Each structure stands twice: as C-alpha cells, then as structure tokens.
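The values are calculated or read from the model by the stated rules, or taken from the named source; none is laboratory data. If you're wondering where the values come from, they're calculated on a predicted model, not measured in any experiment. Here the Cβ positions follow ideal geometry from the backbone for every residue, glycine too, while neighbour counts run over all protein chains shown.
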Amino acid sequence: MILNLRQASSAVAGFLMTGSVCLAQSSVNNLEMNNNPMDIGVSALFSAGAASEGNETIGALQGGGHDPSKVGFTLQNLELTLSGAVDPFFNAQTNIIMLLNDEGEAILEIEEAFMSTSQLPAGLQIKAGQFYTEFGRQNKMHPHTWAFVDQPIVLSRLLGADGLRSQGGRLSWLTPTPWYSELFLAVQNAKGATGSSFLSGGHAHDEGAEESEFAINGPEDFIYSARWFNGTDINDSVSANIGFSGIWGPNANGMDSDKDLRTSIYGADLYIKWQASHSSRGYPFLSWHTEYLHRDYEEIEGAIFTRKDNGWFSQVSYGFKPGWIGGVRLESASSNEGAVELDTTERFRTALNLTWFPSEFSKIRLQYNYDDSKYFDEPVHLMWLQFEYNLGSHAAHTF
Amino acid sequence: MRAIFVALIILFSPSLWANINIITTTSDLAAIAKTIGGDKVSVTSLTKGTRDPHYAQAKPSMIRKLFRADLLVLVGAEMEVGWLPALIRSSRNKRVLPNNEGYLDISKVIDLKGKPGQRVTRDMGDVHGAGNPHYWLDPSNGILMAKAIADRFGMLDPANKAVYSDNFAEFKLQLEQKIVRWKSELQRFSGEKILAYHTSLLYLSTAFNLDVRGYIEPQPGLSPSASHLNRLLKKIESENIRYILMEPYYETRSAKLLQRKTNINLVIIPQSVGSQPQIKSYFDLFDSIVNALKAVQ
C-alpha cells in the first residue's frame, strides 16, 4: 500500500485512522524516496504509578508535562510522527502529540513541525518551523526516547514542563575540524506555552495587558540560543560527546512595571558511551549522560534583582544483555531563593530503573524514585511501571 | 606559519590524498572497494566487522565522514534502516543523497532471497520486506558487488576507469577460482542439516548447499525462550542435525545448552571482514569460514 503524501498529511483528523495503515508501512525506508513519500509512526507511552503520598504532592513533584504524575494510570504521550524528504531540497518532520489530562480530556500538542535544508553548501543547514531548542542533550529528545520515565528536575524548572521549544529558525554549521563539531544558532519566539523561562512564565498578572505588552517591538523580544556540540571516537568501543549551550531572551517578570527583564540560561553536557567490540543487537553497552544548567532570572520586587537557579543530573545506563537495561540517575536542583516554593527549593532525587525491550518496538520499564526536597517534610517514594509501543516506520537509533 | 597552513590544507582536503573518498556502511563493502580502487581511492567503513550491522550505532563522527564522502556504498535492503537515513539527513552532502551518483545501494544489483511472499507485519519479527540483506555471504555475489562498485568508480573518476575495470577483472578471476576450491573443500557438508542463529546465513547455506532446518531465534531478532530451545532439542534428535552455525556476536549460552544436551557441533562463522583480526579481505573471509567448518570433525 503506497500512502499518498497529500492524503496522509491532510489533517490531524485522520490521526487515529492512520493506525491501520501503519503496519503496511512497517518497513518503510525513507532512503527509497521513489517508493515511499514519507515515514509514518505512532508511539504510545503509558504508565502506572504508586506512591507514598497523594496525587496532589505527586503532581507537584513530577514537573514534566509528559511525566507520569498520579497514582493509577497515565497516558503520557501518544505521538504521531510523519517525516521524510519533501523534495531534493528539504526534509521535514511533524510530531503531533495527544495526551489525556486528569479529567480524561484529550490535549493536542504540535510537538515539532519543521523543515530543514539538505543541499546547502559549506556544511550549513537551515531549519525552520516549530522545533525543540538545541540546548543540552535531553531537551530535544522526545519522551519515548528518554532513559527514565520522567524529565530531570532541572530541565522542568529551567526549560519548562514540555521542554523548551518554539517557532523560529536555526542555522547550523558543521565546522571543518578533524573531529565532529557543530555550531547551532537559533532565533525563536519568546512567547508561547513552551517558553516558561521567557515570556510565557513569570509573574505577569494582568491577562489583558499581556497581549499588548507581548507585541514584538524589536530584536530584543526573541529568544536567541547557541550550542556548540562535539563528538569524537576515543577508540572503537568508546565515543564521547560534549556540548555547551546558552540561551538569552526577555522574560515576563517586568510586564507590570513596564521594565524589560531578561533571562539567561547556560548549560554543559557530557555523554560517554562504551559498546562492547563484539556486540549483538547493540548490547552490552554502558553509557553516562550528565548535564549541568544555570539560569540568571531577573525579577522585580521593588528593585530588580537576579534570581540564580541551577541544577544537574547524571545518569548511567547499563545494557547488560540484549534487550535489558538497568539505569541509575542522580540529580539535584536549587535556587538562591530557597525553600519558599517547590520550584526553588533545594531538591535531590534518585531514580533506579530496569527496562526490557522485547523487540525494538516495545518497551516495559519499572522505575523507583526517591524524592527528597526541603519543601516537603518527608522524602517521597514513587514507583512507576511504564509501557510503550511503536507502530510504523523504523525508529532511528539516536546517538 | 606556512607549515601550519600547508598542514591545514592537507587535513581538510581529502581529495589531495586520493581521487575519490569512499564511505561504506560495512567492512565487507570496504574490503571490495579497496581491492577495486587500489591507491586511487580512500575507503572508510562506518561499522566494524565485529558488530551486528543491523544495530550499528549512529555516531556524530559518522556525520563528519559522510559530509566529506564522494561516494556512499551501502548494503541496502533495509540493513541500515535503523541508523543510516538520519545520518544522511544530517550530513548536508548532496552527493550522497539517494538517487545521486554518490549513492550506491548494492542490493539493487543482487537477486535477493527470502523476500516474504506476503505483506510483512511486525509479528513476524525482524523480517525485511525487501528481502534478506546478508547477500555478501554468497561468494558469487561478490562478483556482482565488485562490478557495481567498479562501474560507479569509473563513472565518478573517468580518468581511472581502465584501472578499475582491470582490478575488477582480476578480482573476478581470482574469486571464481577460489569459489571452485572452497566448494570442493566443503564437499562433505553438501546437503548437511544445520541450525543457524538468525536468518543471516541464508546465502552462505545456499552457496555451499547446507540445509538450514531451524533457527535459535524463535523469530528473527527475538531472543530464544526455554520452550523454543526445548523444541530445538527434539528437532536436533529427530532430524539428526549435526551442526549449529552462528556469527561470533550472538550469545553462545543457548547454543552451548543445546551442545551439552545433544553433542551437536557448534561452529562460529565469521560473518564479515574484520570479524576476526586475520580477516582483512573478502577472500580471507571465505578462507576463514571454510577453515572454521573444516576444523569440525
């Protein structure tokens, strides 16, 4: 069955119906442009939770928009992915997400929808549309590719519940160095639900005033981001990636007083992976992923002052036999504002998990979180069982 | 200062080292490309022969290699579907985009076996709709692979076209002679019943007339269960199967369990150039496979 591009991309209305054509597309290979106009995939991520506290506390602790956040069952993420070559000049990707909120209502998100060039000279590439900001390693990863069921605390705090993504454009350059080195520069809208450190967050109280204040008056009203990402193979079995990122933009804290307050976020990330030289299905492997983030967040209480938030997470995944991965994540986040709010309190969290991939297209994961914050009197214990299926085109193995 | 400048020019201009810069997805393709190209080309394989090429890991360093490539040679038939498309999209090298001259999918010149005669669904396990991609393990396919590579080299580098076609002619002659010898050396295995780990030995077993009676994997890409191994135990005894052939990267626990209970012979088949240190060429690969089988009593 050949799926026509126009039919398939016509509407989200066809979202659920496309499930039936996915199997027919199961072996779609985007390399074969003449046969297959696009790759189609559906990924669904569910979880079941149990905890030592009630749903109100759990909901507050699980800061990510796609984190499982209640006792009982959660549909974290039902994602439709459409991607492929548009023509010889552009590639495109569209990710539409549905999830069910606590009332059982379906929420629709445009996670990403962008086109990127495939033929620019000199190692340049331009991407335009709605996309995840290139910041650190985890921010641009979609929830079903995470190594843990939930998003690191520092990312929920500084980049937002759904990660930092917005509409805009990005230029990247593969630099002519002997090792892999890529520079990303992007400009994106500062407004929108997914820019919480910028114009959608903060303490803007007057909804009516917001709209007019948010008008773009000049280049200072956008988010600017830069990332320098490097990769090298230390030997045949070990590869390492290191990146540095920064974002600068306006925030909403000065809206009431007509002040132009700014946010800056800086980050560094390191990823090292070992894979046995004789490996089957990619196992055994051991990977270590660490990120550190810092935010300068201007606020106003009479006078302008800069709130400083920071945090890190460090996680190890050990694929000890084909299909089986054990993981440990340690993380911490704090702010110079202290324990006045859950969002600023000093917080430590440890997570342990075990994941089984019966095949590349399904996953079952058990995770335990030990969550200790100054905001709550007692540490909270949480247990998650997560399951996932992937229908449709072959998911790329990411690096 | 001038020395640094010269060094930089050399570093960033692969065209100064060789006429064409070839990237292959596997070490087998690289070995053949080196034989055909000689000193006129520089050849780098993205993966090593010690790993299962289905599950190669896309790494940023590969983007760098693809960016500089004049020609990408791939196995095709979905062998690299899990990792290569994303690399090509990131490489921003229009030469290696599908259907351009710098993109050579060798599976297009091979008569692929194991095409499912039905719609492929995932409950069949890891079945390739395009056919079985392990075709390099039939040495007579080596001739078709080398021919496709030599033709493409000649198209990209017309000045050396004669060199490539001479190298191909010599490769073909040698390979044909060796195939005759390999087949006679493995004569006693002709018609022999075997078990394989994965469907990857289809072409090898056809080339040497081995009769594959079953697989350690219950379905392609899935790990064996206890009940499946029990069925195999019965099968080995009732059908008098004497050999398990498998690649070195699979777990050996299941095969050793069968071996303990039935005395079946376990033969590790090096499946690719580089899977063992002494295997440096396409000829070495079959020499080693033949030796591994001959060593079994």
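At-a-glance table
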item: Residue ID - farthest from B:Ser200 (Cα to Cα), chosen from residues in segment B:49-91 that are in contact with an Asp or Glu (Cβ under 6 Å, 6 or more places away or on another chain) and not in a strand (DSSP E or B); result: B:Ser61
item: Residue count for segment A:207-242, restricted to those that are under 29 Å from A:Gly169 (Cβ atoms), among the aliphatic types (A, V, I, L, M) and either at pLDDT 90 or above or part of a strand (DSSP E or B) (or both); result: 3
item: Answer residue from segment A:291-311, given it is surrounded by fewer than 20 Cβ atoms within 10 Å (Cβ to Cβ) and among the hydrophobic types (A, V, I, L, M, F, W, C) and is nearest to A:Phe135 (Cα to Cα) among those; result: A:Phe305
item: Subset of segment A:332-344 (residues that are surrounded by 15 or more Cβ atoms within 10 Å (Cβ to Cβ) and more than 23 Å from the chain's Cα centre (by Cα)); result: A:Glu337, A:Ala339
item: Among residues of segment B:178-200, those that are in a helix (DSSP H, G or I) and either among the polar types (S, T, N, Q) or without any contact (Cβ under 8 Å) to a residue 12 or more places away in the chain (or both), counted; result: 7
item: Only listed residue being in contact with a strand residue (DSSP E or B) (Cβ under 6 Å, 6 or more places away or on another chain) and away from every other protein chain (no Cβ under 14 Å), chosen from A:Leu366, A:Leu391; result: A:Leu366
item: Qualifying residues in segment B:21-74 (those that are of a type in the set (Ser, Thr, Tyr) and within 11 Å of chain A (Cβ to nearest Cβ)) - the one farthest from B:Glu251 (Cα to Cα); result: B:Ser61
item: Single residue of segment A:74-124 satisfying the filter (within 14 Å of chain B (Cβ to nearest Cβ) and aliphatic (A, V, I, L, M)) that is surrounded by the fewest Cβ atoms within 10 Å (Cβ to Cβ); result: A:Ala122
item: Residue tally, condition modelled with pLDDT under 85 and farther than 22 Å from A:Lys308 by Cα, over segment A:158-192; result: 1
item: Unmet requirement for B:Lys94, which otherwise passes all of (1) touching a strand residue (DSSP E or B) at 6+ places or on another chain (Cβ under 7 Å); (2) basic (Lys, Arg); (3) surrounded by fewer than 22 Cβ atoms within 10 Å (Cβ to Cβ); result: (1)
item: Subset of segment A:345-355 that is of a type in the set (S, T, N, Q) and either in contact with a Pro (Cβ under 6 Å, 6 or more places away or on another chain) or at pLDDT 95 or above (or both) - its residue that is surrounded by the fewest Cβ atoms within 10 Å (Cβ to Cβ); result: A:Thr350
item: Every residue from segment A:247-264 that is in contact with a His (Cβ under 7 Å, 6 or more places away or on another chain) and either among the hydroxyl-bearing types (Ser, Thr, Tyr) or part of a loop (DSSP other than H, G, I, E, B) (or both); result: A:Asp256
item: Conditions (1) buried (at least 18 other Cβ atoms within 10 Å of the Cβ); (2) within 14 Å of chain B (Cβ to nearest Cβ): number failed by A:Pro358; result: (1)
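Okay, residues lined up against (1) within 14 Å of chain A (Cβ to nearest Cβ); (2) modelled with pLDDT under 95; (3) out of contact with any Cys (no Cβ under 7 Å at 6 or more places or on another chain):
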| position | (1), (2), (3) |
| --- | --- |
| B:Arg92 | yes, yes, yes |
| B:Ile106 | yes, no, yes |
| B:Val127 | yes, yes, yes |
| B:Leu144 | no, no, yes |
| B:Arg152 | no, no, yes |
